[in-house]
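Derivation of every value follows stated rules applied to the coordinates shown; laboratory data play no part. As the structure is a prediction and not an experimental result, all values here were calculated from the model. Here the Cβ positions follow ideal geometry from the backbone for every residue, glycine too, while neighbour counts run over all protein chains shown.
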Amino acid sequence: MRSNNPVVKHAYNSCVTRHAPAEETGPATAAQPALADDERLTAVGLFMEAASGMKARFSGQLVEHGLSDAEFEVLIRLVRTPGGALRMSDLAAQTQLTTSGITRVVDRLERHSLVERRACPTDRRGLLTFITAAGRARLDKVLPGHLELIELWLTGLFSAADLEDFLRHLRVVRDAVRPDATAGAGS
């Protein structure tokens, strides 16, 4: 297979795997074909392939701007939150990082003056992370190219109505598997 198109490669690999002679794939059991062909496996496989493919494409663009995926996610979550600040615990929940993981990411961003931590006025033990003017400026440089990639590899592939449906369905899945994804954001 000589195509560099990942869709063609996947389709080819699926076809080859599905139609390989029995001596190459081993003996089948009575339950194997029904379970292996289950559309739920196809759904989750396509979803994971799409997500990892987009992440790979986005990561290269972020590196050009001196940001890791996690750093970008922290900045974008802060800038999209009213007041530009989140409690460290909410930021950890939203990004699915451990408390020590989010601390390391925020430490790096703070060293570059992209965020700053301040005491939480309502909880003496808590810290709020604020995006700074420098953090907003970095996003101003990153976002045009990032949005172009999103348009190219995701949103531009759908009609407006299909995109609206897709986003609605993604929120259903997100809310089921990550109920704390919007912790502290008020949405």
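Under a point spin-label approximation (7 Å from Cα along Cα-to-Cβ), what is the ASP107-GLU148 distance to one decimal in nm?
Each label point lies 7 Å from its Cα, and together they span 3.6 nm.
Could you compute the FRET efficiency for ARG80 and ALA56, with r as their C-beta to C-beta distance and R0 at 25 Å, rounded to 0.05?
Values: r = 23 Å, r/R0 = 0.93.
Plugging the Cβ-Cβ distance into 1/(1 + (r/R0)^6) gives 0.60.
Going out from 0 in 5 Å bins, what whole percent of all Cα-Cα distances in segment 58-187 drops into each bin?
That works out to 2, 10, 18, 20, 21, 16, 9, 4, 1, 0, in percent per bin.
Using the count of nearby Cβ atoms within 10 Å as a rough guide to exposure, how do MET54, MET88, MET48 rank from fewest to most?
Working: MET54 14, MET88 18, MET48 10.
The most exposed by this proxy come first: MET48, MET54, MET88.
Stick to Cα atoms and the Kirkwood definition of Rh, then tell me Rg/Rh for segment 145-187. Don't skip to the end; give the middle numbers.
Numbers: Rg = 12.7 Å, Rh = 11.9 Å.
Rounded to two decimals, Rg/Rh equals 1.07.
Quick one: order PHE72, PHE130 by neighbouring beta-carbon count within 10 Å, fewest to most. The partial results should precede the final answer.
Working: PHE72 21, PHE130 15.
In increasing order of surrounding Cβ atoms, one gets PHE130, PHE72.
Which value, in debye to the nearest 20, describes the size of the charge dipole of segment 58-187 about its Cα centre when Lys and Arg Cβ atoms bear +1, Asp and Glu Cβ atoms bear -1, and nothing else is charged? Mind showing how you got there, number by number?
Numbers: 17 positive and 17 negative charges, 132 e Å.
It works out to roughly 640 debye.
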